[in-house]
Structures are given as C-alpha cells and as structure tokens.
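**Student:** Can you read through this structure? Questions will come right after.
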Amino acid sequence: MDIKTAEFTLSAPRVSMCPNDTKPEYAFIGRSNVGKSSLINMLSRNKKLAKTSSTPGKTLLINHFLINREWYLVDLPGYGYAKRSKTEVAKLDQMIRGYILEREQLVNVFVLVDIRLEPQKIDLEFINWLGLSSIPFAIIFTKADKLSEGKVKASVDAYVRKMLETWEEMPPYFVTSSEKARGRDEVLDYIDQINKS
Ligand code: GDP
C-alpha cells in the first residue's frame, strides 16, 4: 500500500469526541521522544503531519489522520513523561486507556520502543495490559539507524527473550528508522493486509 492522501481530521480530548465514522483505526503510542511523530511523518511522507518537537510529550490529545480516505492513523499521547504532575499523568492515562478499550473501530495498536534501550518497565507494563485486555498489537522498534546491524539484531533478540518470559509468542514486530524510511513498506503492508482481511 502507498499513502496517497493523509488528512488531519481532529484532535479529541476523549474517546466520545473521536470522529463519528466507522473506518478502521490504527493507533500509535510510545514513551515521549520515542520517535512517534517522526515515524508518522515518515509513513505518510509528510514532514509536517504529526508535529515533531524537541519538547517531549507535547501532544496531549487523540489525533486522527485519515489515510487514503480508507483508514485512520491515530496518534495517541506519549506516556512516561517525567515532568508531568500526578494528576496530569492520571488524566492522560485515563484518556489513552479509555480510547483503547472503548473505541470499536480500533483494529491494532502499534507500540513504539526505542531500539537502543533495554526493555523498559513502562513499555512492558503497557504491553502486558494490552495483552490482558485482548487488544491486538504490534511492536515498532524505532531509530534503527542509530545502531549497527549487529546491535539492531542483538537488541531485537533481547526484546524477544524478554517478551517470551511472559508471552507464549512474540507479537508481530517491525524494525524502523524514520531517517532512512526503513520499515515503511512492512508497516503499511501489515495495515493493508488487515484492512483486506
Ligand atoms: P515523539 O516525542 O515520540 O513524537 O518523538 P519525535 O518524533 O519528536 O523524535 C524525538 C527525537 O528523536 C527527535 O530529535 C528526532 O529527530 C529523533 N528521531 C526520531 N526518529 C528517529 C530515527 O528514526 N532516527 C534518528 N536518528 N533519530 C530519530
């Protein structure tokens, strides 16, 4: 699949204010600064679709982008931003979990993890929660261009081992780099396959 059109639809502060539409939705989430905006821009080949910013965790809303007038790419707020107050964190958490649990149009959650880091507790907890909630998800490793191929492989292997401590099988995963457009076809084809099934 290629992306011919990518249009910003709306930003919602809660699930009840998401678009009144039945098209399938694919959500992207991860820790602040994981490279989510860069990945969304890379996938859509639009450098400005999601705002990349040096201020981590700027997006605090559920952002919908209509792709090819067929499906929505949903940019969820980043989690784990240390400089937020407890009340703010709780509010964001409620918004994210509310969307994921209640949005019937949601088909798949892509959890972004920085390939340079060891498996992080906050990501593993989030992934476990998705699994326990029976939400289909896939993992996207970001910033692969920052490591040598050997280290990319070692990092992915370590993540797989960690996941297999808890899960019977590794969920689908993708190695990506927004700098090099690595993984673009794989992620878009994955979405395409689900849309056609
Ligand atoms: P977000 O907070 O998750 O939306 O993260 P951003 O997309 O704003 O990226 C955070 C920082 O990582 C920025 O300085 C980006 O330029 C950088 N970054 C994101 N993706 C990549 C990538 O694939 N390769 C490299 N080298 N840097 C990246």
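**Student:** Looking only at segment 169-180, how many residues end up being in a loop (DSSP other than H, G, I, E, B), more than 9 Å from the ligand (Cβ to nearest atom) and either surrounded by 13 or more Cβ atoms within 10 Å (Cβ to Cβ) or β-branched (Val, Ile, Thr) (or both)?
**Tutor:** Looking only at segment 169-180, we keep the residues that are in a loop (DSSP other than H, G, I, E, B), and these are 169-172, 176, 178-180.
Cutting the leftovers down to more than 9 Å from the ligand (Cβ to nearest atom) gives us 169-172.
Then drop every residue that is not either surrounded by 13 or more Cβ atoms within 10 Å (Cβ to Cβ) or β-branched (Val, Ile, Thr) (or both), which leaves 170-172.
The number of residues fulfilling the criteria is 3.
**Student:** Looking at segment 1-37, which of its residues are away from the ligand (no atom under 11 Å from the Cβ), buried (at least 16 other Cβ atoms within 10 Å of the Cβ) and of a type in the set (A, V, I, L, M, F, W, C)?
**Tutor:** Met1, Ile3, Ala6, Ala12, Val15, Cys18, Ala27
**Student:** Somewhere in segment 112-124, is a residue under 24 Å from Cys18 (Cα atoms) and of a type outside the set (Gly, Ala, Ser)? Steps first, please.
**Tutor:** Going through segment 112-124, the residues under 24 Å from Cys18 (Cα atoms) turn out to be 112.
Pick out the ones that are also of a type outside the set (Gly, Ala, Ser) and you get 112.
Taking every residue of segment 112-124 in turn, at least one turns out to be under 24 Å from Cys18 (Cα atoms) and of a type outside the set (Gly, Ala, Ser).
**Student:** From the residues in segment 155-168 that are surrounded by 12 or more Cβ atoms within 10 Å (Cβ to Cβ) and of a type outside the set (S, T, N, Q), which one is farthest from the ligand (Cβ to nearest atom)?
**Tutor:** Here is the first cut: in segment 155-168, the ones surrounded by 12 or more Cβ atoms within 10 Å (Cβ to Cβ) are 155-156, 158-160, 162-163, 167.
This time we only want the ones that are of a type outside the set (S, T, N, Q), so: 156, 158-160, 162-163, 167.
On the way: Val156: 15, Ala158: 19, Tyr159: 17, Val160: 21, Lys162: 21, Met163: 21, Trp167: 25 Å.
Once the filter is applied, the top-ranked residue is Trp167.
**Student:** Turning to a different aspect of this structure: Can you name every one of the strands (runs of 3 or more DSSP E) wholly within segment 38-145 that holds 2 or more residues which are under 20 Å from Met170 (Cβ atoms) and within 13 Å of the ligand (Cβ to nearest atom)?
**Tutor:** 106-114, 137-142
**Student:** Taking the stated definitions as given, is Asp192 modelled with pLDDT of 95 or more and away from the ligand (no atom under 16 Å from the Cβ)? Let's see the steps before the verdict.
**Tutor:** On the way: modelled with pLDDT of 95 or more: yes; away from the ligand (no atom under 16 Å from the Cβ): yes.
Criteria met by Asp192.
**Student:** Same structure again: I need a count of the residues in segment 146-168 that are among the hydroxyl-bearing types (Ser, Thr, Tyr) and in a helix (DSSP H, G or I). Working first, answer last.
**Tutor:** So in segment 146-168, the residues among the hydroxyl-bearing types (Ser, Thr, Tyr) come out as 148, 155, 159, 166.
Retained after the next criterion (residues that are in a helix (DSSP H, G or I)): 155, 159.
Number of matching residues: 2.
The values are calculated or read from the model by the stated rules, or taken from the named source; none is laboratory data. No experiment lies behind these values; they were computed from the predicted model shown. For neighbour counting, all protein chains shown are included, and Cβ atoms are generated from backbone atoms with ideal geometry for every residue, glycine included.
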